[in-house]
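See below for the structure under consideration.
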Amino acid sequence: MDGKHGILGNNPLLRLGLGICPAVAVTTTALNGLGMGVATAGALLLTSFVMGLIGGALNEKARFAVTLILSAAFASVAQMVLRGWFPALNDSLGVFVPLIAVSSLILCGGSEAAGRGFGAAIADGLVMGIGYAVAMTLLGAVRELLGRGTAFGAAVLPAAYEPLLLAALPAGGLMLLGIAMGLYNAVFGRGRNGKEGA
Amino acid sequence: MSNLTRALLFLVSCVFTQNFVFVRLMGGSALLKKAGSVATAAIVGGYTALVMAVSAALNWIVYKKALVPLGAKSLYLVAFAAVALLSAWLIALALKRVSPRVGKALGENGAALAVNCAVLGASLIGMGGGIVRAALTGLFGGLGYLLALVLLAGVQERLEFSRVPESMKGLPISLVSAGLIALAFMGFIGL
Amino acid sequence: MKLNLNPAPHVHSRQDTRWLMGNVLIALLPCCVAGVVYFGVPALMLMAVSMASAVLFEALWQKLCGRKLLIADGSAAVTGLILALNLPPRAPWWLAVMGSAFAVVIVKGLFGGLGDNFINPAMAARALLLASWPKFMTAWTAPSGLDAVTSATPLMTPAAWTPLELFLGRIPGCIGETCKLAILAGLAWLLITRTIKWHIPVAMMASLCLFSWIFGKDPVAAALSGGALFGAAFMATDYVTCPVHPAAQMIYAAGAGLVAAVIRSYAGYPEGVTYGILLMNAAAPLLDKCFRRRVYGHGREAAK
Amino acid sequence: MTMLKTFRGGVHPLHGDHEGKAQTRGEPTRAIEPKTVTLLMGMHLGAPSEPCVKAGDRVKLGQVVGTPVGFLGLPVHASVSGEVLSVGPVQSVSAPNALAVTIKNDFRDEWAELPAPLGSVEDCPADQIVPAIRAAGICGMGGAAFPTHVKLAVKEGQFCDTIILNGAECETHLTCDHRLMLENSDRVVDGLRAAMRALNVPRGVIAIEDNKPDAIEAMRRAAEGRAGVEVAALHTKYPQGGEKQLIQVVTGREVPSGKLPLDVHVIVMNVGTAAAVAEAVIDGKPLISRITTVTGHVDRPSNLRVRVGTPVRELLEACGGISLPEDRVGKVVMGGAMTGFPCPGLEVPVAKANNGIVVYDAKEARETEETPCIRCGRCVDACPMGLNPYLLKHLCDAGDMARAQKECVMDCIVCGSCSYICPAHRHLTQTFKAMKDAIAAEAKKGKG
């Protein structure tokens, strides 16, 4: 592992802005964030695994197409797993579970994994996946706390707290993610190799 | 209600009330575009709208006429992704033939650009009705995406000379801008 | 003798930023007075809290960013006051504080401060408060003395008030928006002192009346109820967030009026002026791109 | 009076204060005699003249002391008789080491031998008018100091159908053209007729802002019976006297970007220049004196007929001196408030194009601090050229030459209207001027 991506240092969500659609759409609660983060991370890991094996044999254009098909396949798997074992979570994530197929986290991570050697591909996929899942969970926790006054469903703020409903709405999600990224940049500095908007 | 009125209402709903970027949040990629000019945003947005419409219609056919009869429903995601990529690639090629300027704006990997949440999302959402509804979901949703892209590009162009704090520059401030526009779009709730 | 060498021009208009903001505050004065007369001391409290917190947050933000303190330009005070005038008279004090914080720090500060925000801070704050705490933002009280009687606004029950009542503002509504007489006085001040131009208020009210009429409503009542006139006079005309060129300004204002009329007639919220203005704020950079004055010596007439 | 013509944009500086002209416009012109004169060799636009005298020489009034260099060159004439004290670099308003000839006045005013006068402007040989103008060393006296004989050089294939005399005097404080038109109306018309005859131009328009009704009246009277000469009253608004604005207002034509007035068949001259032309043609006299307004914080604001090369200090002394304690003097500006140049010192000499000296106190002269642009759009409304100053400023601050050029920064006439009106005190005009200079330098580098 060459430390290109990290859980804290070069977070795929907060620094690179990968996979921001679901990051805003489903992170209304900490549990949703965790579930989506783990599901995406799992699909990423599997995609990186396969791309690490076969990616070296493909050219640039084919890489993207193959990654997309693999990602769609593993997203289907993720959907089946969620539907079978976590039906409630599956329902609250809704249409964004199949949309894992086009998550830019996987499309970017998978394409990059190709041709980097098997070990590096797996390690990168793992670190990126964990980083993404942690960021998703944190974002979900903040939005849940502000928007409902609860953490993982348990009431933590006093009853007098009037929840900031906007935090749980799309507009609030976009703004909070933006502010979170700004804070992240302020704390960790702007990475030298971290080009945003990849 | 005539079909025309229904279509019109559907248009308003897709562009404003259920905007793909600001309400459904399926257009994160719209934010990722580097502060390109408004003109580029309009071209990319129009292209994405086309891809959304075509792939939504094609995917409807693939799903209803092939996957369901064959009993291969669980392969739908793989099939949809393949169809979306193929149509994006073909449309990009066609557009490049029609206008070199458009081709330049789309860049080398125009097709990769277009396979995003909005395109697949339109296919998934369009599955609920007939093929016309599916195509219109893609087209009108794409128009909403286009509108969002152009609005955001305008705002980004304006932000070029503003004193945004260093750590907020780029994607973070784009997200906050999008959030503020989403706040404005909330006025259409219940339309 | 030390001679100063700064270059021409050697005279400057006396109308600096502070003068302009001061003029807006003066123009808001009649609305403040009407608000206090109709809704009592709590309205005054809200205005004070809102202005004070807006100025405080502005100072804190400028300090945090390591910038020069510029609160004396009065822009934060204007934002705070306009926000307060957009609140229901019995809104809790913390609502004003939250709104000011959002307006000054997130809508304005994150974008770089005065002049850099693309959306009107007070309007965005009102939209935030409405989305977050609807029960406080829609608790209307009739201006009937000190006891808070919950009632509907004229936008919900248009027939209950005569045009004169609507005009004088003895009706439920936000603190500053009910008395149209006071708003018109303020608007007249802004126009006479040339703080603003006529294009935006006129185009916005005309468009609102026209489209309300098309949608089957009474245009006079539409103009006189809700926050239409207040928005057209004080919020749509915000320099920072409206387009620069008169033609673009007319389209911007007409668009705001149209959106407001659509939302009032068909959408879930009773009042759409806020959203009309916010949406057109977002479109203003595009309008500015589309409308330009022709540069002397360029284009069609040049070769005559 | 018919509808006053005007242009789009513009500002009204010092409007509540009669444009700063009230103190001097009623004062008849007084002539002053300087103790020494410092004749800059570069008073006109173009290559500086070559000094042809040396220290110790005795020169007579009107004798050539600097010979012209190049196409844009003009001779410089001694404006007093006396002894040449030095030939060398001096501080001018814009440069610390401008070449000049300094002459000590012997107060005898002995004239040198002058070229023979051409006689009446209506009968003299038309082909000798332009050479006479060059020999008299005449350049534009309104500010830009462009050599007049070059302005009147109409190339093959070009023609001029209108000469506009600029008597707008839209700059604040200045009343020298106003006084000239009142006191020497006939000479102004003679100069215009001479230029019209030289180029065979059918129409001459004397354009005057309507804050000078007496000048309009005087010029109307003087123009009566003179072929093709008319007087146009203009709305009082800055920069009404800008060349491009004047052409637009008087003829309805626009000078295309990057082109000259002659491309739309117009020549614009200052009224002072016209009077100098008349002197040269009728009397054969070179340009050795001009009217300069001295106002602001001086004891006796006046219009003075001064010899070219008189130091600013002598002008101020002739007006009773600066009426401020030394520590409250802010700046001394050569020219009006909108475009004038700040003087680096009081020994700076008056050049052919210097139309005024204005003294500001420290409060008026204090530097304004830039605050953030609030996008009020006042600069856009004020710009007489239809530019977007607020946007241009951002581009210039970012050093983006290409986009600044695309936003037409080169069309900026540096009139100062945007800086004047900006509520945020942004330094618009000076930024644009710096950008224009940088772009011009770049273009020169590319060529050379």
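Summary table
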quantity	calculated
Considering residues of the range D:420-448 that are assigned to a loop (DSSP other than H, G, I, E, B) and in contact (Cβ under 8 Å) with a residue 12 or more places away in the chain only, the residue surrounded by the fewest Cβ atoms within 10 Å (Cβ to Cβ)	D:HIS425
Cβ pairs under 6 Å, 6+ apart, first in the range B:170-188 and more than 24 Å from C:GLY276 (Cβ to Cβ), second among the β-branched types (Val, Ile, Thr)	B:ILE173/B:VAL164
Count - residues of the range C:79-104 that are surrounded by fewer than 24 Cβ atoms within 10 Å (Cβ to Cβ), facing another protein chain (nearest Cβ under 10 Å) and part of a helix (DSSP H, G or I)	3
Unique match (being modelled with pLDDT under 95 and within 11 Å of chain B (Cβ to nearest Cβ)) among C:ALA267, C:ALA228, C:ALA222	C:ALA267
Every residue from the range C:61-73 that is part of a helix (DSSP H, G or I) and in contact (Cβ under 8 Å) with a residue 12 or more places away in the chain	C:TRP61, C:GLN62, C:ILE71, C:ALA72, C:ASP73
Subset of the range D:71-96 [over 22 Å from the mean Cα position of the chain (by Cα) and either outside any strand (DSSP E or B) or under 17 Å from D:GLY140 (Cβ atoms) (or both)]	D:VAL80, D:SER81
Listing of helices (runs of 4 or more DSSP H) fully contained in the range B:109-191 that carry 1 or more residues being away from chain C (no Cβ under 14 Å)	B:110-114, B:117-125, B:131-159
Helices (runs of 4 or more DSSP H) completely within the range C:215-304 that count 3 or more residues being more than 23 Å from C:PRO172 (Cα to Cα) and in contact (Cβ under 8 Å) with a residue 60 or more places away in the chain	C:273-290
The lone exception for D:ALA100 - which of (1) assigned to a strand (DSSP E or B); (2) touching a helix residue (DSSP H, G or I) at 6+ places or on another chain (Cβ under 8 Å) it fails	(2)
Hits in the range B:73-87 (condition: among the polar types (S, T, N, Q) and more than 7 Å from chain A (Cβ to nearest Cβ))	B:SER87
Output for the range A:111-122, where each listed residue is within 11 Å of chain B (Cβ to nearest Cβ) and hydrophobic (A, V, I, L, M, F, W, C)	none
Residue in the range B:97-106 that is in a helix (DSSP H, G or I), within 12 Å of another protein chain (Cβ to nearest Cβ) and either modelled with pLDDT under 90 or buried (at least 20 other Cβ atoms within 10 Å of the Cβ) (or both) present	no
Selected residue (criterion: surrounded by the fewest Cβ atoms within 10 Å (Cβ to Cβ)) from residues of the range C:12-46 that are within 14 Å of another protein chain (Cβ to nearest Cβ) and farther than 19 Å from C:ALA76 by Cβ	C:ARG14
Filtered residues of the range D:151-162 (kept if under 23 Å from D:GLY46 (Cα atoms) and among the hydrophobic types (A, V, I, L, M, F, W, C))	D:LEU152, D:ALA153, D:VAL154
Within the range A:91-110, considering residues that are β-branched (Val, Ile, Thr) and under 23 Å from A:ASN10 (Cα atoms), the one surrounded by the fewest Cβ atoms within 10 Å (Cβ to Cβ)	A:VAL102
Subset of the range D:245-287 (residues that are in a loop (DSSP other than H, G, I, E, B) and more than 30 Å from D:LEU61 (Cα to Cα))	D:GLY252, D:ARG253, D:GLU254, D:VAL255, D:PRO256, D:SER257, D:GLY258, D:LYS259, D:LEU260, D:HIS265
Matching residues, the range D:420-438, being more than 9 Å from every other protein chain (Cβ to nearest Cβ) and under 13 Å from D:TYR390 (Cβ atoms)	D:ARG426, D:LEU428, D:THR431, D:PHE432
Every residue from the range C:109-127 that is assigned to a helix (DSSP H, G or I) and within 15 Å of the chain's Cα centre (by Cα)	C:PRO121, C:ALA122, C:MET123, C:ALA124, C:ALA125, C:ARG126, C:ALA127
Residues located in the range D:354-378, provided they are within 18 Å of C:PRO7 (Cα to Cα) and surrounded by 19 or more Cβ atoms within 10 Å (Cβ to Cβ)	D:ASN354, D:ASN355, D:GLY356, D:ILE357, D:VAL358, D:VAL359, D:TYR360, D:ALA365, D:THR371
Answer from D:GLU407, D:GLU442, D:GLU347 - the residue that is within 25 Å of the chain's Cα centre (by Cα) and modelled with pLDDT under 95	D:GLU347
Helices (runs of 4 or more DSSP H) wholly inside the range B:1-93 that include at least 3 residues being touching a helix residue (DSSP H, G or I) at 6+ places or on another chain (Cβ under 9 Å) and farther than 17 Å from A:LEU99 by Cβ	B:3-12, B:38-61
Failed item in (1) aliphatic (A, V, I, L, M); (2) buried (at least 21 other Cβ atoms within 10 Å of the Cβ); (3) within 14 Å of chain C (Cβ to nearest Cβ), with D:LEU260 passing the rest	(2)
Meets criteria (on the phi > 0 side of the Ramachandran plot, touching a residue at least 60 places away in the same chain (Cβ under 8 Å) and away from every other protein chain (no Cβ under 14 Å)) for D:ASN211	no
Unmet requirement for D:ASP161, which otherwise passes all of (1) touching a residue at least 24 places away in the same chain (Cβ under 8 Å); (2) more than 14 Å from chain C (Cβ to nearest Cβ); (3) surrounded by fewer than 16 Cβ atoms within 10 Å (Cβ to Cβ)	(2)
Criterion (surrounded by fewer than 21 Cβ atoms within 10 Å (Cβ to Cβ) and closer than 20 Å to D:VAL271 by Cβ) met by exactly one of D:ARG300, D:ARG290, D:ARG305	D:ARG305
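Residue by residue, here is whether (1) more than 14 Å from every other protein chain (Cβ to nearest Cβ); (2) over 16 Å from the mean Cα position of the chain (by Cα); (3) free of Cβ contacts under 8 Å to residues at least 24 places away in the same chain holds:
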| residue | (1), (2), (3) |
| --- | --- |
| A:ALA39 | no, no, no |
| A:ALA62 | no, yes, yes |
| A:LEU93 | no, no, no |
| A:GLY109 | yes, no, no |
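The values are calculated or read from the model by the stated rules, or taken from the named source; none is laboratory data. Predicted model, so just to flag it, every value in this text is computed and none were measured. Heads up, the Cβs are rebuilt from the backbone with ideal geometry, glycines too, and the neighbour counts pull from every protein chain shown.
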